[in-house]
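For reference, the structure discussed in these notes is given below.
The values are calculated or read from the model by the stated rules, or taken from the named source; none is laboratory data. This one's a predicted model, so the numbers in the text were calculated from it and none came from an experiment. Note that we place each Cβ from the backbone using ideal geometry, even for glycine, and neighbour counts take in every protein chain shown. For the accessible areas, the whole protein counts, side chains as well, though only heavy atoms, and no ligand, DNA or RNA atoms are used. Shrake-Rupley method; radii C 1.70, N 1.55, O 1.52, S 1.80 Å.
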Amino acid sequence: MASKVEAGKLEWRISVDNETTKRLVPKSGPSERIFIWLKGLITKTWRIGADDPAKVVHCLKVGLALSLVCIFYYMRPLYDGVGGNAMWAIMTVVVVFESNVGATFSKCVNRVVATILAGSLGIAVHWVATQSGEAEIFVIGSSVFLFAFAATYSRFVPSFKSRFDYGAMIFILTFSLVSVGGYRVDKLVDMAQQRVSTIAVGTSICIIITIFICPIWAGTQLHRLVQHNFIKLADSLDGCVAEYFKKRDVSTNENEYETNTKVQGFKCVLNPKGTEEAMANLARWEPAHGSFNFRHPWQQYVKIGAAMRRCAYCLENLSICMNYETEVPDQVKKHFREACMKLSAASSKIMRELADILKNTRRSSKMDFLVFDMNSAVQELQETLKTIPIQTNKPEEEEEVPSAEDRTIPMTLHEVLPVATLVSLLIENAARIQTTVEAVDVLASLADFKQDSKKKTGDNNTNQPPLSS
């Protein structure tokens, strides 16, 4: 038996038959296991709240809303006013209170409108059924079937489902309860009024709390998401090109983790398509807040996100170029390094400028100059690609002997092809960035972004030519 000290801890091992050692783990009792489990649970719970305090705020707001609704059960005048239907206010708070204002507002409006519409139709169907005599059961059953079929079918319509799916479900539930329940309830109208009033109270409490107490706006979250994605794309582009052309030495391994994190940043842009669409649909329900008006063009953010994903696909292919098994000679990289780095820098500047436009909600007067620089870098890279010396298999008598000053080492197509792939991806990415610039410009026009006067004054003194049409 031997002992071993690692990181300040004593570890015991025992020799076994196959000339190896086995670690001895002390057995812990039930109380120690429970203590360790509780400690891990508390640590994990605390970490979740510390990483995202908005989750803690949401839990507190839900608790406050339910506490206010419970007053209907503990205050006799209010309880007598709504009767036993006060539980519907509690159910409303539980099912409609969401983490952001848009989602809560959407569910509240859907629930109130669907309840009123379904209750009105249910009362009308009940009246028609009572006037039909012996066919009462047939009328109620047929109406439930038809309205349930129509409401369920509407949930398959994409444009309807994205905004009114919850309302359709509440309509089916309420209409069925009122129609079937009305068959044996005499005071149907009074019951419907009490139920609608309690639901209105629950939704009002939810809306007031979610708007006036630490509000979390879906529109603001979407705006910041798109803004941060621009920065991630810029860092990823710079990281990919710099990593490809850098010289391999020992010092470059020190920041390898940080470099890989920036290079892989484009993956965050590929994933949130569904998130952007959901946030855009929820933001349309929100009232005016901050820099955003009531009819802010939220759907334009979805188009910007689609344009950004097309750029991210190019960066994904660029990251694949870094892992080619074919080793590219330093001579080939040296020939393209300056032009590729220049285009990469120009492209990343545009994406960072787009992030600043969204951050400040102001137009940029120097965007035309940045696009002009990027197009110039594209032309320079294309000229560099044309001037590369490619070795060919010409007959000896046809070969011309170059002069000493014009003599360059020829490169084979096999050596140039990996870098040519990188060059084509950079050029394609520049074209897709220009499409993204146009999408952001449309957003600035629709949202009426103001011109950045400070940048405009500084740019008037430059001699850089504007972007030609």
Handout entry: Relative contact order of region 33-210, pairs being alpha-carbon contacts under 8 Å that are 6 or more residues apart, as %
Key = 33
Completion exercise
For the table Lys44/Lys107; Lys246/Lys342; Lys61/Lys161; Lys55/Lys107; Lys232/Lys342, the rows whose alpha-carbon distance is greater than 21 Å are Lys44/Lys107; Lys61/Lys161
Exercise for the section: Within region 361-377, find all residues whose amide N lies under 19 Å from a label point positioned 7 Å from the Cα of Glu438 along Cα-to-beta-carbon. Expected result: 364, 367-376
Handout entry: Cα-projected label distance for Leu446 with Leu173, points at 7 Å along beta-carbon direction, nm
Key = 3.3
Handout entry: Derived scalar couplings ³J(HN,Hα) [region 42-59; Karplus, 6.51 cos²θ - 1.76 cosθ + 1.60; whole Hz; x for Gly, Pro]
Key = 5, 5, 5, 5, 4, 5, 4, x, 5, 5, 9, x, 4, 5, 5, 4, 5, 4
Fill in the blank from the handout: Counting only protein heavy atoms and rolling a 1.4 Å probe, one gets per residue an accessible area for region 33-210 in Å² of 59
Handout entry: Per-residue HN-Hα couplings for region 372-387 [Karplus 6.51, -1.76, 1.60; θ = phi - 60°; Hz; x = Gly/Pro]
Key = 4, 4, 5, 5, 5, 5, 5, 5, 5, 5, 5, 5, 5, 5, 6, 8
Practice task
Would you kindly derive the ³J(HN,Hα) couplings of region 216-232 from the backbone phi angles with the Karplus curve 6.51 cos²θ - 1.76 cosθ + 1.60 (θ = phi - 60°), listing them in order in whole Hz, with x for Gly and Pro?
Solution key: 10, 8, 5, x, 5, 4, 5, 4, 5, 4, 5, 4, 5, 5, 4, 5, 5
Fill in the blank from the handout: Expressed as a percent, the accessible surface of region 33-210 that is carbon or sulfur, using a 1.4 Å probe and the full set of protein chains, is 72
Practice task
Output the peptides 295-306, 330-341, 232-243 sorted from most to least packed, where packing is the average of other Cβ atoms within 10 Å over each peptide's residues.
Solution key: 232-243, 295-306, 330-341
Problem - For His289, residues with placed amide H under 5 Å, excluding near neighbours - result: none
